[in-house]
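Notes to accompany the following structure.
The values are calculated or read from the model by the stated rules, or taken from the named source; none is laboratory data. Only a predicted model underlies this, so the values are computations on that prediction, with no experimental measurement involved. Glycine also receives a Cβ, built like all others from the backbone with ideal geometry; neighbour counts cover every protein chain displayed. Only protein heavy atoms, including side chains, enter the accessible area calculation; ligands, DNA and RNA are left aside. Shrake-Rupley method; radii C 1.70, N 1.55, O 1.52, S 1.80 Å.
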Amino acid sequence: MKVSPTVDVITEINNDRILVVENSEIYSKLIKNSLSKIFAGEIDTANSFDRVKELVGLYGDRYFLSLLNMSVEGAPSGEAVEFVCSRKIPSLVFTSNTDADFIKKIRSYGVIDYIFKENVSNLKVMTGLVKRLSRNRYSTALIVDDNQINRLQINALLSKYLFNTINAENGQEALEILKDNPNIDLLITDYMMPVMDGFELIKKVREQQDSKDLAIIGISANSEGTLASNFMRFGADDFVTKPFGQEEFCTRVSICMDKRDLLQELSKSATTDFLTGLSNRRHFLDKAVSTHASFKRQQLDLSCVMLDIDHFKNVNDTYGHDAGDQVLVEVSRVLKERIRDTDLLARFGGEEFCLLAVNAERGETHQLFEEIRKLVSSISFQVNGQTFSVTISMGVCDQSLDTLDQMIQAADGALYLAKNAGRNRIEYAR
């Protein structure tokens, strides 16, 4: 399963700035404050055309997005908007004018969209749109339509909303593209196509990917009443009738992508420990049971490790629960960095972790476990000017017993021995 970014703060790598052009100092501060809650990069503000030109000259190629008022000092009639858009900087426009001709003028500059500047509550709309646009930059849409003009139109709309795009002329070609590009996030497919139509394509895609992995929108010039419901029945998340306007199409795309992100976040929260980012106990056991059975049949090596942070209650009592959380996060980081991609790791609860090391020689795993123990003990934690460190104890079962539960119990017994033998050590089940 692909998992799109679910944290609230957007971190950027190359385009790490946002430009805010607003003549009201109060509103500019409100915008900046709202954006700072979701965006980790620099936010530059300008209240005059001269300042806009200065900032664009300095950072033009680093702006992921600009948010612009149609009127600022030195640019009373949209000159700043026209200037920023001419520099190929993706832009949103603030306006309190709902006149159709005025909105048409805004659109003529090539902006992504506009946001009505009615009251403070509209800032929530703005931050939602900024988050969506940022995620779109790392999202890929597959457009499937046998009509080249339709493909070009949809490409233009999605590119304006910062999507990456791939094209296919029929369902069969789309399946081949999906096979070679498993990280595609959005599928937009026509109904009537040669070789394989949209219905058949969606049925085959949904055999492999559900709505939390891939959002699907059906499109067609056919306005038959049952067409939309049939698209949905076969697995599409939405349907749009051609020809469609920019606002309707892009709004539906955004809603589908937001739904997909939410489903991924819900799935992740059900399987992941919120603090450490590791699998939770239930998810670990679901995967580990099948892994154990498979490796048992193939007579491959498995090692089960139960790991516990020594005297963890003393950390919470002495330094506070925030310090305890920091310890859990750092121990999890060491574990994640040291294990292999094929290994399974979970926070079992409290300060206890479980690791299933698969298909590794015993000498290799013994060395790995000792490295982890030493690395954890070398970490220094600082809280209110006080420095402390922690140690871990580990119990290991490196015998392929009949069931996973037997291996966990054996490892847990070895962990008990390690605790009784003085902690900060590794004991092996016999």
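Restricting to segment 32-48, and then to whatever is polar (S, T, N, Q) and touching a residue at least 24 places away in the same chain (Cβ under 8 Å), can you tell me which residue is most open to solvent (accessible area, probe 1.4 Å)? If we take residues in segment 32-48 being polar (S, T, N, Q) and touching a residue at least 24 places away in the same chain (Cβ under 8 Å), then ASN47 is most open to solvent (accessible area, probe 1.4 Å).
For the structure I just gave you, tell me whether ASP61 is farther than 26 Å from LEU262 by Cα, open to solvent by 10 Å² or more (accessible area, probe 1.4 Å) and modelled with pLDDT of 90 or more. Yes, satisfied.
Within segment 138-150, one or more residues are closer than 30 Å to LEU55 by Cβ, touching a residue at least 24 places away in the same chain (Cβ under 8 Å) and surrounded by 13 or more Cβ atoms within 10 Å (Cβ to Cβ).
Determine if segment 381-402 includes at least one residue that is acidic (Asp, Glu), more than 24 Å from THR291 (Cβ to Cβ), surrounded by fewer than 20 Cβ atoms within 10 Å (Cβ to Cβ) and out of contact with any Lys or Arg (no Cβ under 7 Å at 6 or more places or on another chain). So that I can check it myself, show each step before the final result.
Step one: list which residues in segment 381-402 are acidic (Asp, Glu), which gives 398, 402.
Still in the list and also more than 24 Å from THR291 (Cβ to Cβ): none.
Checking segment 381-402: not a single residue is acidic (Asp, Glu), more than 24 Å from THR291 (Cβ to Cβ), surrounded by fewer than 20 Cβ atoms within 10 Å (Cβ to Cβ) and out of contact with any Lys or Arg (no Cβ under 7 Å at 6 or more places or on another chain).
Residues considered: GLY395, GLY422. Of these, the only one that is at positive phi and not in a helix (DSSP H, G or I) is GLY422. Put simply, of LEU300, LEU263, LEU278 the only residue that is open to solvent by 20 Å² or more (accessible area, probe 1.4 Å), in contact with a Ser or Thr (Cβ under 7 Å, 6 or more places away or on another chain) and aliphatic (A, V, I, L, M) is LEU263. For segment 24-31, check the following and say yes or no: at least one residue is out of contact with any helix residue (DSSP H, G or I) (no Cβ under 7 Å at 6 or more places or on another chain), assigned to a helix (DSSP H, G or I), without any contact (Cβ under 8 Å) to a residue 24 or more places away in the chain and under 17 Å from VAL130 (Cβ atoms). Yes, segment 24-31 has at least one match. Checked against (1) of a type outside the set (D, E, K, R); (2) buried (at least 19 other Cβ atoms within 10 Å of the Cβ); (3) over 28 Å from THR403 (Cβ atoms), PRO243 passes all but a single condition, namely (2). If the condition is being in contact (Cβ under 8 Å) with a residue 40 or more places away in the chain, open to solvent by 50 Å² or more (accessible area, probe 1.4 Å) and assigned to a helix (DSSP H, G or I), then segment 152-196 contributes only LYS160. Checking THR226 against (1) open to solvent by 50 Å² or more (accessible area, probe 1.4 Å); (2) at pLDDT 95 or above, only one condition comes out false. Which one? It is condition (2) that THR226 fails.
Considered as a group, the residues in segment 198-223 that are over 27 Å from the mean Cα position of the chain (by Cα) and not in a strand (DSSP E or B) include one that is surrounded by the most Cβ atoms within 10 Å (Cβ to Cβ), and that residue is GLY198.
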